[in-house]
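Here's the structure we're looking at; comments come further down.
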Amino acid sequence: MPSTVDTRETPEGLPVAPVSSHNEWDPLEEVVVGRLEGATFPSRHPVVACNIPPWAARLQGLAAGFRYPGALVEQAQRELDQFISLLQSLGVTVRRPDAVDFRQRFGTPDWSSHGFCNTCPRDSLLVVGDEIIETPMAWPCRYFETHSYRSLLKEYFRRGARWTAAPKPQLTDELFEKDFRPPAAGEPMRYILTEYEPVFDAADFVRAGRDLFVTRSNVTNRMGIEWVRRHLGPDYRVHEIESRCRTPMHIDTTFVLLSPGKVMVNPDYVDVDHLPDVLKSWDVLIAPEPDPIDERLLKITSMCGKWLSMNVLMVDEKRVIAERHHVNTLRALERWGFEPIPCDLLHYAPFGGSFHCATLDVRRSGTLESYF
C-alpha cells in the first residue's frame, strides 16, 4: 500500500508542518503504522525474558531468530489492513516504514544479535511538537530498528521537522542486573535495568501539551527519564507515574490520556491516591475488567497482558478506536462521553501491542498548550 505525502498548504500559503503533535487527542491528521513483514521472534536476552512469564521466556528462547508462524502473521495482517483502511476513511494520512528482513545479524564490539520487527513505531520514536526523537532502546535486537523509518525521517527533516537521536547505548552487562527476577507481590519494586547509561522506550511516555507522563520500567530507567527531561528543557514538565505492575513495560496499558481533563487508569497497576498532584483537577476513569480471550494460540503467543484492552487510539477529543472484542471497554468509553469506533486488532498482540502501539501520530491539528 503506497504512502501519500501531504502537500497541503496553510491559509498563508506555507506548507503544512510535516511533524506537529503535542498531545494524545487533537484531531489526527498523519500517522505512521507499523509493518508485519520480516518479523522474527526476538533474540534470547534477559531484558526480553524478564517481561514475560518463565514458560513463555523458555519458548521464546527456542524460537529466537525464526520467523513468526504464517498463520499468526496472516490473521494479524488482515486486521492491520482493515485498521489502515479505517484510518484512511477517517481522513488520516497513513505512512509506513520500510520492509526489513529482521533475520539479518548485526553487532557492536560487545555483542551481536538479529532483529525483531517494526510493528510498533510508538516504541522507537517519540514525537514532541515538531521534533522526532529516536530512542535508545534496551533490547539489543531493536538496536537498529529506527533504520527502517529513516526514509520517512529524512523526508520529514527535509520538509522542516526537527530530528534528534538520543545517545546510542552500549548495552553491555553493566546495564542489566545480574540474576534478576521480577519482584513477587508484596516485595519492593525492582527493575532489570541499572543506571549505567540512559535507555528508554517512547511508549513509556504520553503527552499532554507542556506536560509529559512516564513510567519507569524494565526498558526505561531513571537516566533515560532524566535525559528526556533535560533535552526538552524548562518549557516542559515530566511527571512519573508509579506502576504496581511486577513486570512494567510501556505506559499505554497503565495510564491513558483520553482528552483534556480525562485519564483512564489501570486499577491493578495504579494507585489513584498516588498520582501526581497536577492530576487532582482531572477525572480519573477506572478501566473496566478486560473481556476474557479464549483463543489458546493467541494467549500463548501474546507478548502483552490482558490490559491491552486499554491500548486505544484517539482520533480526536471524542472519537476513539478501540478493540471490538473488548465490549466492556467500548461501553465504558461510551458512558464517559466518547464515541468508540470498534475495530479488530486482537491478533497483533503477538507482535507487541494494539492500536496505540501500532501507530505513531506524526501530525495532529492543534497548538502547544498547558492543561494544568
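At-a-glance table
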item: Environment charge at W139 (Cβ cut-off 14 Å; Lys +1, Arg +1, Asp -1, Glu -1); result: -1
item: FRET efficiency estimate (nearest 0.05) - Cβ-Cβ, I286 to R78, R0 35 angstrom; result: 0.60
item: Likely footprinting exposure, Y156, Y371, Y236, Y143, fewest C-beta neighbours within 10 Å first; result: Y371, Y236, Y143, Y156
item: Cα point-scatterer Debye curve for the chain, base-10 log of I(q)/I(0) at q = 0.09, 0.10, 0.11, 0.14 Å⁻¹; result: -0.47, -0.59, -0.72, -1.27
item: Whichever lysines have a C-alpha closer than 27 Å to that of K168, once near sequence neighbours (fewer than 8 apart) are set aside; result: K154, K178
item: Ranked D26, D179, D271, criterion: other C-beta atoms within 10 Å, fewest first; result: D179, D271, D26
item: The chain: calculated mean residue ellipticity at 222 nm from DSSP helix runs of at least 4, using -39500 (n - 2.57); result: -5500 deg cm²/dmol
item: Amide H within-cut-off set for R319, under 5 Å, with H built and near neighbours excluded; result: E339
item: Where labels lie 7 Å past Cα in the beta-carbon direction, separation of S151 and F66 in nm; result: 3.0
item: Residues K178, K168, K262, sorted so that the one with the fewest Cβ neighbours within 10 Å comes first; result: K178, K168, K262
item: Helical segments meeting 27 Å axial Cα length and Kyte-Doolittle -0.5 threshold in the chain (DSSP H); result: 70-89
item: Kirkwood Rh (inverse of mean 1/r, distinct Cα pairs), region 135-252, angstrom; result: 15.5
item: In order through region 287-293: 3J(HN,Hα) via Karplus (6.51 cos²θ - 1.76 cosθ + 1.60), integer Hz, x for Gly, Pro; result: 4, x, 4, x, 5, x, 10
item: 5 angstrom amide H check on R237, placed H, neighbours 5+ away; result: D211, L212
item: The chain, relative contact order in percent, only Cα pairs under 8 angstrom and at least six apart counted; result: 22
item: Residue-by-residue Karplus 3J(HN,Hα) for region 163-174, coefficients 6.51, -1.76, 1.60, Hz, glycine and proline x; result: 9, 10, 10, 5, x, 5, x, 7, 6, 8, 4, 5
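Where a number appears in this text, it was derived from the coordinates with a stated rule and is not lab data. Bear in mind the structure is a predicted one, so any value in this text is a computation, not a measurement. Ideal geometry is used to build each Cβ from the backbone, glycine not excepted, and the neighbour counts take in all protein chains shown.
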